[in-house]
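The structure under discussion appears below in the form of structure tokens.
The values are calculated or read from the model by the stated rules, or taken from the named source; none is laboratory data. Given the structure is predicted, the values throughout are model-derived calculations rather than measurements. Note: ideal-geometry Cβ built from the backbone for every residue, glycine included; neighbour counts use all protein chains shown. These accessible areas exclude ligands, DNA and RNA; they are computed on the full protein's heavy atoms, side chains included. Shrake-Rupley method; radii C 1.70, N 1.55, O 1.52, S 1.80 Å.
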Amino acid sequence: MGLKMMKGFMFQLFLLLLSLASFQHSEAMMHKYTFVIKEVPYTRLCGTKNILTVNGQFPGPTLHLRRGDTTIIRVFNKGNENITIHWHGVKQPRYPWSDGPAYITQCPIMPGKSFTQQIKLSDEIGTMWWHAHSDWSRATVHGAIIVYPRMEDVYPFPKPNAEVPLVLGEWWKSDIQAVVNEFRRTGGDPNISDAFLINGQPGDLYPCSKQDTFKLAVEYGKTYLLRMVNAAMNNILFFGIANHNLTVVGSDGSYLRPYTTDYIAISPGETFDVFLEANQKPDHYYMAAKAYQSVVPPQIDNTTTTGIIEYVGNYTPSSPPIFPNLPRVNDINASHSFFASLRSLGKQVDVPIDIDTKLFFTLSVNLLPCEANNTCAGPGGRRFAASVSNISFVDPKIDLLQAYYGRVRGIYRDQFPSFPPLRFNFTGTNLSASLQLPTRATKLRVLKYNDNVEIVYQNTNLLNGIDHPMHLHGHSFYVVGSGFGNFDPINDPLTYNLVDPPHINTIAVPRNGWTTIRFKANNPGRVLKFANES
């Protein structure tokens with residue numbers, strides 16, 4: 001056998017072993033997937049349009065993995081725009097360049113090109129998700145990730161009879177890229193969506209949607225694990241099922257102490273593992289989701305998406321199905337109290353106590369002057385911008401990870417401040433218009449390896465403020481405290497929960513309030529991205 005033939009044989013043998021590895025019942029398995037990004041026609045709300053998908057599916061394929069597994073995903077971009085794929089909540093130890101944020105840890109995949117990403121699971125367990133991380137492509141390019149325990153491990157709760165992914169999303173009748181281009185051009189708010197979705201379907205309260213409403217058949221006496229993902233672009237959502245309680249047992253790739261409630265408040269990018277007990281009289285019951293926004297009047301899609309729980313058996317179902325009682329659209333207490341009720345399982349908790357790095361970040365909606373003497377659609381003819389500590393991020397020309405390792409100068413500065421450069425009554429009323437103008441820059445904060453880090457996120461009332469869902473790439477964090485008003489550095493830390501706080505990666509900072517998180521900076525090589533998911 002010649003050398004060339006021998007190399008070809010060995011390569012084929014390697015591929016065969018690699019593919020067989022995904023079927024072996026070992027402690028850590030290797031999986032292989034192919035993602036083809038392409039446009040396909042989908043019909044919703046009486047109209048058909050092309051949307052960007054993975055493998056033609058909307059929502060995209062669900063990844064089924066086990067704790068500690070590794071996954072190789074070859075992404076082919078057959079669309080018409082640059083794209084990246086982010087593995088939301090996966091810590092990616094030693095593989096930060098596969099994380100996905102465009103121009104942060106990698107450059108986007110150009111049309112006609114491909115990129116192989118390695119997804120390395122570590123301590124994640126439960127439900128997470130993947131999505132595009134470039135512009136608004138994630139509106140249709142997304143799917144669930146389900147991480148089961150290792151073969152020798154067990155759930156810390158009774159095993160459900162079945163499990164069901166529930167991906168909440170949004171639908172625009174117009175092309176999603178046209179929506180992006182419009183609000184970028186005008187600087188105003190993006191056009192609100194025309195519908196919310198449950199597993200890609202609007203539900204029978206919308207036109208032309210009754211036939212395709214998502215339905216879940218259940219048997220009386222059985223328990224179902226709902227693996228919930230909020231893939232909506234901008235909205236915290238309230239979710240409930242008529243006449244049924246829901247028991248939350250996990251969030252963002254971590255277990256939680258079981259918490260029973262009649263509604264869920266789920267932020268953009270957040271995931272929940274939720275038990276549904278089919279313990280009611282056999283009938284048809286609506287599941288429903290609608291937006292929450294604390295600003296009055298709400299500037300949101302004020303519609304409601306529905307699915308139907310259908311009990312198996314012989315009976316005459318209620319018509320219409322029984323509807324759940326959801327909190328009011330602007331019920332800030334309902335939203336905050338739900339998040340404040342979450343607790344970790346005691347055996348999992350390792351909250352950093354001795355803090356090495358303390359950071360205080362303000363979160364604001366700001367205004368920038370309109371370019372070239374034009375009039376923009378924001379207040380006063382200006383354009384909206386968001387800022388952290390009054391610094392509005394400017395996308396670099398090459399990705400930050402490449403610039404850091406290649407020591408490329410002029411791409412970013414590493415002087416991101418520990419505290420806001422200007423202190424004022426952050427949640428006050430009638431704030432000076434001079435505070436609305438942010439600094440535009442590409443600044444980073446460099447953390448030392450293994451430092452214990454505390455961040456206080458303080459919302460401001462600039463432009464009346466909003467709830468800010470915040471997501472930390474590369475790490476999960478403990479939410480040790482939260483409240484309304486200005487953070488009090490003397491008294492508020494006395495209320496911190498250092499015993500059993502939730503260990504998650506996405507949290508909604510309440511409007512005119514604050515949230516404190518803690519984590520250990522033990523994932524070297526990462527460019528941490530403090531992402532405002534809304």
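When the chain is fully extended, how far beyond the present Cα-Cα distance does VAL164 get from ARG328, taking 0.36 nm per residue of separation?
Details: separation 164, 0.36 × 164 = 59.04 nm, distance 2.69 nm.
Gain on extension, VAL164 to ARG328, equals 56.4 nm.
Mind checking which lysines have their Cα closer than 23 Å to the Cα of LYS38? Skip sequence neighbours fewer than 8 apart in that chain.
Within the straight-line cut-off, LYS38 pairs with LYS49, LYS78, LYS113, LYS173.
Counting Lys and Arg as +1 and Asp and Glu as -1, what is the net charge of the other residues whose Cβ lies under 11 Å from the Cβ of LEU256?
Numbers: positive: ARG257, ARG343; negative: ASP252, ASP273, ASP500.
Combined, the nearby Lys, Arg, Asp and Glu give -1.
Could you work out what % of the accessible surface of the chain is carbon and sulfur, using a 1.4 angstrom probe and leaving DNA, RNA and ligands out of the count? It would help to have the intermediate numbers written out before the result.
Details: 12160 of 23470 Å².
Of all accessible area on the chain, carbon and sulfur atoms account for 52 percent.
Within the stretch 405-432, list the residues whose amide N lies under 20 Å from a label point set 7 Å along Cα→Cβ of LYS448.
Answer for this model: 414-419.
In nm, give the distance between the simple-model label positions of GLU371 and ASN279, each being 7 Å from the Cα along the Cα-to-Cβ direction.
Reported label-point gap for GLU371 and ASN279 is 5.8 nm.
With θ taken as phi - 60° and the coefficients 6.51, -1.76 and 1.60, list the Karplus ³J(HN,Hα) couplings across the stretch 422-437 in order, rounded to whole Hz; mark glycine and proline as x.
Residue by residue, the stretch 422-437 yields 10, 9, 8, 6, 4, 10, x, 9, 6, 5, 4, 4, 5, 7, 7, 8 Hz.
Rolling a 1.4 Å sphere over the protein heavy atoms, what is the accessible area per residue of the stretch 283-411, to the nearest Å²? Don't skip to the end; give the middle numbers.
Numbers: 6640 Å² over 129 residues.
With the other protein chains kept in place, the stretch 283-411 gives 51 Å² per residue.
DSSP loop (so not H, G, I, E, B), at most 15 other Cβ within 10 Å: list which trypsin sites (Lys or Arg not before Pro) in the stretch 40-125 pass both filters. Provide the component values of the computation, followed by the final result.
Working: sites: ARG44, LYS49, ARG66, ARG67, ARG74, LYS78, LYS91, ARG94, LYS113, LYS120; in loops: ARG67, LYS78, LYS91, ARG94, LYS113.
When the trypsin sites (Lys or Arg not before Pro) of the stretch 40-125 are filtered for loop state and at most 15 Cβ neighbours within 10 Å, LYS78, ARG94, LYS113 remain.
On a full-extension model of 0.36 nm per residue, what is the gain between ARG185 and LYS49, subtracting their alpha-carbon distance, rounded to one decimal in nm?
On the way: separation 136, 0.36 × 136 = 48.96 nm, distance 2.26 nm.
Contour length minus Cα-Cα distance gives 46.7 nm.
Under 8 Å for C-alpha pairs, at least 6 residues apart: give me the relative contact order for the chain, rounded to a whole percent. Mind dumping the intermediate values first?
Numbers: 1367 pairs, mean separation 68.2, N = 534.
In percent, rounded to a whole number, it is 13.
Would you list, by chain and number, the aspartates and glutamates whose Cα falls below 14 Å from the Cα of LYS222, excluding same-chain residues fewer than 8 positions away?
Here the aspartates and glutamates satisfying the reach criterion relative to LYS222 are GLU163, GLU277, GLU310.
For a quick check: with amide H placed at 1.01 Å from N, whose amide H comes under 5 Å from ASP283's, ignoring anything fewer than 5 positions away on the same chain?
It is TYR311, by chain and number.
What distance in nm separates the two pseudo spin-label positions at GLN299 and ASP395, each 7 Å out from Cα along the beta-carbon direction?
The answer from the label model is 2.3 nm.
Select from the stretch 315-390 those trypsin sites (Lys or Arg not before Pro) which occupy a DSSP coil region and have at most 13 other Cβ atoms within 10 Å, ordered by residue number. Please report the intermediate quantities before stating the final value.
Numbers: sites: ARG328, ARG343, LYS347, LYS358, ARG382, ARG383; in loops: ARG328, ARG343, ARG382.
Qualifying residues, ordered by number: ARG328.
At 0.36 nm per residue, and after removing the present C-alpha to C-alpha distance, how many nm does the segment from ALA178 to ASN430 gain when stretched out fully?
On the way: separation 252, 0.36 × 252 = 90.72 nm, distance 3.51 nm.
In short, 87.2 nm is gained.
What size of dipole, in debye to the nearest 20, comes out for the chain about its Cα centre when the only charges are +1 on Lys and Arg C-beta atoms and -1 on Asp and Glu C-beta atoms?
Values: 47 positive and 42 negative charges, 318 e Å.
It works out to roughly 1520 debye.
If you find the alpha carbon centre of the stretch 34-67 and of the stretch 421-469, how far apart are they in angstrom?
So the separation of the two Cα centres works out to 36 Å.
Can you tell me which aspartates and glutamates have their Cα less than 18 Å from the Cα of LYS120? Leave out same-chain residues fewer than eight positions away.
Result set, ordered by chain and number: GLU27, ASP69, ASP99, ASP252.
State, to one decimal in nm², a quarter of the convex hull surface area for the C-alpha atoms of the chain, i.e. the direction-averaged projected area.
On the way: hull surface 111.2 nm².
Hull-based average projected area comes out at 27.8 nm².
Would you check the accessible area of LEU345, probe 1.4 Å, heavy atoms only, in square angstrom rounded to 10?
50
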